[in-house]
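None of the figures in this text is laboratory data; all of them are computed from the coordinates on show. What you are looking at is a predicted structure, and each value in this text was computed from that prediction instead of being measured. Cβ atoms come from the backbone with ideal geometry, glycine included; neighbour counts cover every protein chain shown.
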Amino acid sequence: MKAIRVREFGGPEVMSLEEGPDLQPGPGQVVVTVKAAGVNPVDTYIRSGQYAKRPALPYTPGMDSGGVVASVGEGVSGVAVGDRVYTAGAVTGTYAEQVLCNESQVHPLPEHVSYQQGAAMGVPYGIAYRALFNRAVAKAGETVLVHGATGGVGVAAVQLARAAGLRVIATGGTEKGLKLVLEQGAHYVVNHKAPDHCEEVVSLNRGRGVDVILEMLANVNLGNDLKILDQGGRVVVIGSRGTVEIDPRDAMSRDASILGALLFNASEHELAGIHAALVAGLENRTLRPVIRREIPLAEAPQAHIAVMESTGYGKIVLIT
Ligand SMILES: NC(=O)c1ccc[n+]([C@@H]2O[C@H](COP(=O)([O-])OP(=O)(O)OC[C@H]3O[C@@H](n4cnc5c(N)ncnc54)[C@H](OP(=O)(O)O)[C@@H]3O)[C@@H](O)[C@H]2O)c1
């Protein structure tokens, strides 16, 4: 099978397509024929060698895929050869024609959901669910600001929040992106490039602060986020690319909480709950991943450039 291999950390060009042996499942493992692989910003951080956890070289990047079960190991009972699945996390990387997973990393993909959409599930929907429900404990009737709603995580958060009965205010940086998040269920949209966009959020929320903020770029926004929370509000840091100055009094005066959320910190038990909810959302069609761009597997370096230049409009996926 063909797979992208990284033999040294560095720029996108360190990824190249190589031929390798077919994968064999051990006990409790599943091999999936990958039809599409999700490209996440974290894949680029890892490839560059800057991420806290570095895989042993050489390695195949990628954590998410949509595909078909090719073979199952001893003791696997939840999936069978030929099943359509999405994978979330993997023993080997998903930028390949095959991926080896533990059974717990493989989830059913309903007929009406494409393989490309399956590849958009694991990291984006996983962290959006974890941040919204497990960390912020958001409830129906509350207001959430999805700060950076046009990308993979943001679209997921908008759909999840809307389906759960929250009032959703979503931000984007382009007219096209704002139209997308309105279509995906946001009640109101605001352009985060506008200098007064935080005031606009409060005015859209009838003069009140918001209950929850899901923050994709905390190094830019956290200081202002704390000023537009309601009493008892929670801001969840999902993405950050630097440092930021805050006024701690803004948190103190509101009994507010700043919460971090990293998908890799989720326990097996927590992930099982998250994916049970995500599969249900696919089945009842409240979750509909949006694909921005499909790129051939051999052009993975191009995909890494594109994901970091992102003008949000859903997910980038690699096609095998
Ligand atoms: N904590 C975790 O476990 C976890 C998991 C997944 C992702 N992440 C992180 O979360 C972030 C988003 O991931 P993604 O996959 O959704 O990336 P993506 O598809 O590239 O989307 C990036 C998003 O950031 C938005 N953005 C740009 N400038 C912004 C600003 N000033 N304020 C608010 N938002 C802004 C973009 O909006 P426009 O392009 O419309 O301006 C877009 O919606 C990344 O930093 C990623 O590393 C963290």
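A few notes on this one:
- Across the range 308-320, coupling constants 3J(HN,Hα) worked out from phi with the 6.51/-1.76/1.60 Karplus curve, θ = phi - 60°, read 8, 8, 2, 9, x, 6, x, 9, 9, 10, 9, 10, 7 Hz, and Gly and Pro carry x.
- Multiplying the residue separation of Met308 and Arg7 by 0.36 nm and subtracting their alpha-carbon distance yields 106.2 nm.
- Under 20 Å from a label point set 7 Å out along the Cα-to-Cβ vector of Ala277, the amide N atoms of the range 73-91 belong to 86-89.
- Net charge contributed by nearby residues that have their C-beta within less than 13 Å of Leu217 (K/R +1, D/E -1): 0
- Residues with amide H under 5 Å from that of Thr92, placed H, sequence gap 5 or more: Leu100
- Magnitude of the charge dipole, the range 163-320, Cβ model with Lys/Arg +1 and Asp/Glu -1, debye to 20: 360
- Using the Cβ-Cβ distance between Gln231 and Glu199 with R0 = 25 Å, the FRET efficiency computed as 1/(1 + (r/R0)^6) comes to roughly 0.85.
- Beta bridges from DSSP with both residues in the chain: antiparallel share about 55 percent, rounded to the nearest 5.
- Measuring r between the beta carbons of Ile319 and Ala140 and using R0 = 41 Å, the FRET efficiency lands at 0.60.
- Here's the picture: charge each Lys and Arg Cβ at +1 and each Asp and Glu Cβ at -1 in the chain, and of Cys101, Leu180, Thr60 the one pushed furthest to the positive end of that dipole is Leu180.
- If you plug the beta carbon distance of Tyr45 and Ala298 into 1/(1 + (r/R0)^6) with R0 = 22 Å, you get a FRET efficiency near 0.50.
- Against the compact-protein benchmark of 2.2 N^0.38 Å, the Cα-based radius of gyration of the range 201-295 scales to 1.33.
- Residue-count net charge about Tyr45 - beta-carbon cut-off 12 Å; Lys, Arg +1, Asp, Glu -1: +3
- What the pair-distance distribution of the chain shows, using all Cα-Cα distances binned every 20 Å from zero, is 34, 56, 11, 0 percent.
- Karplus-derived 3J(HN,Hα) values for the range 21-26, using 6.51 cos²θ - 1.76 cosθ + 1.60 with θ = phi - 60°, are x, 4, 8, 10, x, x Hz; glycine and proline are entered as x.
- Other-chain or far-sequence residues with amide H under 5 Å of Ser71's (modelled H): Val31
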